[in-house]
């Protein structure tokens, strides 16, 4: 890794690229939590009690998020995954990620559906697993934003959106945090056209307190294919495993 690669922020004079940022993001989340608790109890009263008990053992929500809908504040309450995230290291607070279009949101989600499938111990009992999801949208805005999909950062697309190596993007994420950046847009590593995604460092920059829209979706996942379908629609959105392969190998998060 060269000195330039180590510090993309300084190489691109990141502090000079900070500007107001606003838009609408989309996020797809699994709808299984309430379904799972309902299967364990006999009545709605028991379900409410069980969910209250579970809430007590979960990590606290971040400060200044009390007014937000749970779909907006929940991603900030949990620690990062064992590999961190695209722009967050394992010891840093979690980032709220979303897509700037439905298509890129589904592409990113399809990748992680394949991660789930190929991380299972042993062969799945079924050739296809169906899950239920909520797709929602919400506005975002801030005074200190960064567009990593635009010049001068776009010259480092291969590093920022590297399919297996997160280290370049994570160093950039730390630099943005230290500079006080509030929201950043970035090119997707999973969509074939590198469409734009967005990340929020804190829960303070949503334009609304609740999602603008919510839509229920089905997802069917198998070893070679992920299919999405809106519950109230007829269109099918299909992703093949081959779309994500790198030199014939599926790139797990790293």
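Just so you know, all these numbers are worked out from the coordinates, no wet-lab data involved. If you're wondering where the values come from, they're calculated on a predicted model, not measured in any experiment. A quick note on method: Cβ atoms are made from the backbone with ideal geometry, for glycine too, and the neighbour counts reach across all protein chains shown.
Per 0.36 nm of contour for each residue apart, how much would the distance between residue 231 and residue 13 grow if the chain were fully extended, relative to their Cα-Cα spacing?
Fully extending the segment from residue 231 to residue 13 adds 73.9 nm.
Given axes a ≥ b ≥ c from the Cα gyration tensor, I'd like to know whether region 130-198 is rounded (a/c under 1.5), prolate (a/b larger than b/c) or oblate.
Numbers: a/c = 1.77, a/b = 1.19, b/c = 1.48.
The shape class here is oblate.
Expressed in nm to one decimal, what extension gain is obtained for the pair residue 67 and residue 158 from 0.36 nm per residue of sequence separation less their Cα-Cα distance?
On the way: separation 91, 0.36 × 91 = 32.76 nm, distance 3.87 nm.
Computed gain between residue 67 and residue 158 is 28.9 nm.
With the calculation restricted to Cα positions, what are the radius of gyration and Dmax of region 3-243 in angstrom?
When restricted to the Cα atoms of region 3-243, Rg and Dmax are 18.8, 61 Å.
Can you tell me the orientation of helix 102-118 relative to the chain, as the angle in degrees between its alpha-carbon axis and the longest Cα principal axis, to the nearest 10?
Once rounded, the angle reads 70 degrees.
Measure nothing fancy, just the Cα-based angle from helix 44-57's long axis to the longest principal axis of the chain, in degrees from 0 to 90, nearest 10.
That works out to roughly 30 degrees.
Ranking request for peptides 123-134, 209-220: highest mean number of other beta-carbon atoms within 10 Å first, then the rest in descending order.
In descending order of packing, they fall as 209-220, 123-134.
Rounded, prolate or oblate: which fits region 87-167 when a ≥ b ≥ c are the square roots of the eigenvalues of the alpha-carbon gyration tensor, with rounded for a/c under 1.5 and prolate only if a/b beats b/c?
It is prolate, given that a/c is not under 1.5 and a/b is the larger ratio.
What percent antiparallel are the DSSP beta bridges of the chain, to the nearest 5?
Counting DSSP beta bridges with both partners in the chain, the antiparallel share is about 95 percent.
Could you list 176, 252 so that the one with the fewest beta carbons within 10 Å of its beta carbon is first and the one with the most is last?
Working: 176 23, 252 12.
By the 10 Å Cβ count, ascending, the order reads 252, 176.
If packing is taken as the mean number of other Cβ atoms within 10 Å per residue, what is the order of 193-203, 62-72, 17-27, highest first?
193-203, 17-27, 62-72
How much length is gained if the chain between residue 150 and residue 128 is pulled fully straight, taking 0.36 nm per residue apart and subtracting their Cα-Cα distance, in nm to one decimal?
Between residue 150 and residue 128, full extension yields an extra 4.0 nm.
Computed over the Cα atoms of region 197-254, what is the convex hull's projected area averaged over all directions, in nm²?
Dividing the Cα hull surface by four gives the mean projection, 6.5 nm².
When the helix-only estimate is applied to the chain (DSSP H runs of n ≥ 4, each -39,500 (n - 2.57), divided by the residue count), what is the mean residue ellipticity at 222 nm, nearest 500 deg cm²/dmol? Kindly include the intermediate steps, with their values, before the conclusion.
Values: 8 runs with 66 residues, N = 254.
Computed ellipticity for the chain at 222 nm equals -7000 deg cm²/dmol.
Working from Cα positions, state the angle (0 to 90°, nearest 10) between the long axis of helix 167-179 and the longest principal axis of the chain.
Tilt of helix 167-179: around 80 degrees.
Which of rounded, prolate or oblate describes region 138-254 when judged by the alpha-carbon gyration tensor and an a/c cut-off of 1.5?
Oblate, since a/c reaches 1.5 and b/c is not below a/b.
Please work out the FRET efficiency for the pair residue 83 and residue 223, using the Cβ-Cβ distance as r and a Förster radius of 22 Å; give the result to the nearest 0.05. Don't jump to the answer; show the numbers that get you there.
Details: r = 22 Å, r/R0 = 1.02.
Rounded to the nearest 0.05, the efficiency is 0.45.
As a footprinting exposure proxy, order 77, 238 by other Cβ within 10 Å, with the fewest listed first.
Least crowded to most crowded, the residues run 238, 77.
Give the order of 119, 188 when sorted by the count of other beta carbons within 10 angstrom, beginning with the fewest.
With the sparsest Cβ surroundings first, the list reads 119, 188.
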